[in-house]
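For reference, the structure is listed below as structure tokens.
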Amino acid sequence: MTEDPSKPLKPAKPADGGKPRQSRVGLTSTGARKASAKSNRSRAREFALQALYQHLVGRNDPTDIDHFTRDLAGFHKADALHYDALLHGSIEGAEQLDALIRPLLDRKFEEISPIEHAVMWIGVYEFQNCLDVPWRVVLNECIELAKEFGGTDGHKYVNAVLNGLAPQLRPLEVEADRASGKAKA
């Protein structure tokens, strides 16, 4: 069965078959943040992920994707400017983003889930263009997106790739965090 890229993404099911986990404040049973605990930027990333998925899978026109996504329930709670930057910046810079990501992959792009591919685009785009967002926040947000929408261990792959790019794209910030003990050396 082929996925319909025009339908909104649904969070991935937990790998343990949906067994309840110990409740943590602000988190769902899968460990993802509850909607009420999400910032407007986190919501913007979610909508951008859905839109980029439509672009990668359906090769839909960015303007059509944008109009469709803005009509989805809850979009009004998202940071529309951040969403715009992520969607249009990632699509326009796709070749350059892929060129940065490719050396860290252990397989071809065609073998990467479109969810993980889109999440990596978001991460690299934010590393390069959203300097007001700390690199560790970008990394964490992308891991959360991959956990919520991607495959079972997709978040580990996203983490490895983006963690590998952070020192190249945010060298001073990463080094300062390593020197202060906030990041692994």
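The values are calculated or read from the model by the stated rules, or taken from the named source; none is laboratory data. Every value quoted in this text rests on a predicted model; they were computed, and no experiment measured them. Cβ placement follows ideal geometry from the backbone for every residue including glycine, while neighbour counts extend to all protein chains displayed. We work out accessible area using only protein heavy atoms, side chains counted, and drop any ligands, DNA or RNA first. Shrake-Rupley method; radii C 1.70, N 1.55, O 1.52, S 1.80 Å.
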query: Which parts of segment 71-113 would a label at Asp64 reach, counting a residue when its backbone N lies under 16 Å from a point 7 Å out along Cα-to-Cβ?
result: 71
message: Between Leu172 and Arg102, what is 0.36 nm times their sequence separation minus the Cα-Cα distance? Round to one decimal in nm.
response: 22.9 nm
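With all protein chains present, how much of the accessible area of segment 139-179 (probe radius 1.4 Å) comes from carbon and sulfur, to the nearest whole percent?
51 percent
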- request: Keeping the other protein chains in place, figure out the carbon and sulfur percent of the accessible area of segment 30-118, with a 1.4 Å probe.
  value: 49 percent
query: Which one of Pro62, Ala166, Phe127 has its Cα pushed farthest toward the positive end of the charge dipole of segment 55-185, where Lys and Arg give +1 and Asp and Glu give -1 at the Cβ?
result: Ala166
- request: Calculate I(q)/I(0) for segment 77-185 by the Debye formula, one identical point scatterer on each C-alpha and no solvent, and give its log10 at q = 0.11 Å⁻¹ to two decimals.
  value: -0.32
message: So, R0 is 35 Å and r is the distance between the beta-carbons of Ala73 and Lys156; what FRET efficiency does that work out to, to 0.05?
response: 0.70
statement: For Gly150, the residues 5 or more places away or on another chain with a placed amide H closer than 5 Å to its own amide H are Ala12
message: Run the Debye formula on the Cα coordinates of segment 68-139, all scatterers equal and no solvent, and tell me log10 I(q)/I(0) at q = 0.13 1/Å.
response: -0.43
Probe 1.4 Å, protein heavy atoms only - accessible area per residue of segment 37-185 in square angstrom: 47 Å²
